[in-house]
Amino acid sequence: MTFMRERWARNDHEASRQLEGDLTEGSDIIVLGAGVVGITTAWELARRGHGVTVIDRQTEPATGASHANGAQISPSEAVPWASPSNLRLALAWMRQADGPFKLRLTADSRQWWWLLRFLASCREDVWRRNARRMVRLALASQRRLDEIVEEVRPEFDRERRGILRVYDSDAALREAEGIVDFMAPLGVGLRAVGPDEILDIEPALGAAIASGAVAGGLYAESDESGDAQAFTRALAHAAAGLGVRTVLGQQVERIDTHGDRFHSVVAGGVRHMADHLVICLGLDTPPLTRSLGFDLPIYPLKGYSATLRLAATNSAPRVSVTDETRRMVVSRLGDRIRVAGKADLVGHDARLDPRRAEQLVRDLRRIYPDLDHDGPPEFWAGLRPMTPTGVPIIGRSPVDRVYLNTGHGSLGWTMACGSAVLIADLLEGRNGELDPADYESGLPAD
Ligand SMILES: Cc1cc2nc3c(=O)[nH]c(=O)nc-3n(C[C@H](O)[C@H](O)[C@H](O)COP(=O)(O)OP(=O)(O)OC[C@H]3O[C@@H](n4cnc5c(N)ncnc54)[C@H](O)[C@@H]3O)c2cc1C
């Protein structure tokens, strides 16, 4: 890892400006949000020698969208949900009460604005451009995750066995196969697999193959899964060891500026000063940026998960699966199994709808009818902080010394470690492997 210490003189703001970064060595930075994105950002900055304070309204890290997500780290699936094929499917799903997608239009003009931008992104050329950006970020993120794991050794029930995307008909598989050629030049190995190979990869899918629930699939060997919450909490602990100060249980009320420059944050009635601010508040980013004079196209898309404690682990599945027929993901987390899915565009309504959550367990039974678990499932509802394009918003804001790392939608766990590197590189004025311009499209134009 490069330390900026060698390059910049302490407190020499003019010198750092010439490099187009804002940071000097040992700068003080406030990171808002202790989700997977905020904590990876805080760790990355502290690892480079900066003084970091993290502020969150919850009393523990990873309590928002990062709490009980689908657990997949999936560069092979890091593509926008705004696509011509999803648009066709969504129209059919809206007519099914138990379908993967639900739309309830609200009086909130931001929902309409977001939806129009989403529809405008459902073009093949736009999808391809944004998918390339997302895959590059996801791959960089997975590489950084490997380095972090090597260094920090967090426990997070990691399973490095790939992800199997399964389909219930040959026709559906054939239609999906185009993705293999799209991914190959980006460096993602994905291959079509028939029932025999699926059985070799994940023997627990035998019953699903016999019943016809699984006819074939696509296998991404280098994808993986792991518990995002456990990782985030372990990394927060490691960050504290690097000197990161964590202020939990404090709602951020205000960001104050002096002229057009960041000055301080008021949280829980206390003013926190620093040289720079990085906002990683996911879904709750826009209300604060609006008070700074600009809005961001981030809107909630509700999803659910059910986590079951396995009665017997021997025959239970280990390979993470995406069932494209029911649009759900299934991941093994130690002695637990988690199923996640559903996409409800219903405004800022975080309530758990038991019918939607229980449907996930019924869908899980379609592919794993013999799964034995102890106790009732633990249900959870979470709001994905979605941008219309699927590409997160990472970059400088229009306010001097305020940066954004937010809007990771359905892929925050997959993209967090790479996003942290990108934002740290931007703060330091350093050229990294990703083109920052690719992640600025959600930002207001200057
Ligand atoms: C059902 C579901 C399944 C998913 N599956 C996957 C998956 O398999 N793979 C994947 O890569 N991604 C998945 N995701 C997406 C992923 O979980 C999110 O993209 C990610 O958690 C976003 O992280 P974040 O840190 O940006 O947001 P969050 O985790 O929500 O963190 C934001 C933090 O900001 C804090 N905050 C907000 N406002 C304030 C305030 N005013 N003051 C103080 N603190 C504040 C919150 O308390 C919270 O801790 C899934 C999401 C859902 C809902």
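Just so it is clear, none of the values below were taken in a lab; they were calculated from the coordinates. No experiment lies behind these values; they were computed from the predicted model shown. Counting neighbours? That spans all protein chains shown, and the Cβs are built from the backbone with ideal geometry, glycine included.
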Report task. Collect residues whose amide H, placed 1.01 Å from N in the peptide plane, falls under 5 Å from the amide H of GLN251; neighbours closer than 5 in sequence don't count. Result -> GLY268
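Among residues other than SER441 whose Cβ falls under 12 Å from its Cβ, what is the net charge (Lys/Arg +1, Asp/Glu -1)? Don't skip to the answer; put the middle values down first.
Details: positive: ARG117, ARG129, ARG133; negative: ASP435, ASP438, GLU440.
Local net charge: 0.
Within 10 Å, count the other beta carbons around each residue, average over each peptide in 164-175, 346-357, 104-115, 326-337, and list them highest first. Spell out each step's value before the answer.
Numbers: 164-175: 17.8, 346-357: 14.6, 104-115: 13.1, 326-337: 22.5.
Final packing ranking: 326-337, 164-175, 346-357, 104-115.
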Report summary line: Residue-ordered couplings for segment 422-439, obtained by feeding phi - 60° into the Karplus form 6.51 cos²θ - 1.76 cosθ + 1.60 and rounding to whole Hz (Gly and Pro as x), are 4, 5, 5, 4, 5, 4, 8, x, 10, 7, x, 7, 9, 8, x, 4, 5, 10
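Using packing as a proxy for protection, rank 420-429, 257-266 so that the peptide with the highest average count of other Cβ atoms within 10 Å comes first. Before the final figure, lay out the partial values.
Working: 420-429: 24.9, 257-266: 14.8.
Highest mean packing first, the order is 420-429, 257-266.
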Requested in this report: Quick one: which residues, 5 or more positions from ARG336 or on another chain, have an amide H under 5 Å from its amide H? H modelled 1.01 Å from N in the peptide plane, none for Pro or chain starts.
Outcome: LEU310
Report summary line: Cα extents of segment 77-123 per principal axis, largest first, Å, are 27, 26, 17
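Counting pairs of alpha carbon atoms under 8 Å apart in space and at least six apart in sequence, what relative contact order in percent does the chain give? All intermediate terms of the calculation are to be shown ahead of the outcome.
Values: 996 pairs, mean separation 115.2, N = 446.
Rounded, it is 26 percent for the chain.
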Query raised in the report: So for the pair ARG174, ARG191, with labels modelled 7 Å out along Cα→Cβ, what separation do we get in nm?
Result: 2.2
Report task. Using θ = phi - 60° and the Karplus relation 6.51 cos²θ - 1.76 cosθ + 1.60, list the HN-Hα couplings for segment 398-410 in order, rounded to whole Hz, with x at every Gly or Pro. Result -> x, 8, 3, 6, 10, 10, 10, 9, 7, x, 7, x, 8
Requested in this report: Return the long-range amide H neighbours of ILE73 (sequence gap of 5 or more, or a different chain), with a cut-off of under 5 Å between placed amide H atoms.
Outcome: GLU224, SER225, GLY226
**Report entry** Under Karplus coefficients 6.51, -1.76 and 1.60, residue-wise ³J(HN,Hα) of segment 43-50 in Hz, glycine/proline x
**Finding:** 5, 4, 5, 5, 5, 8, x, 8
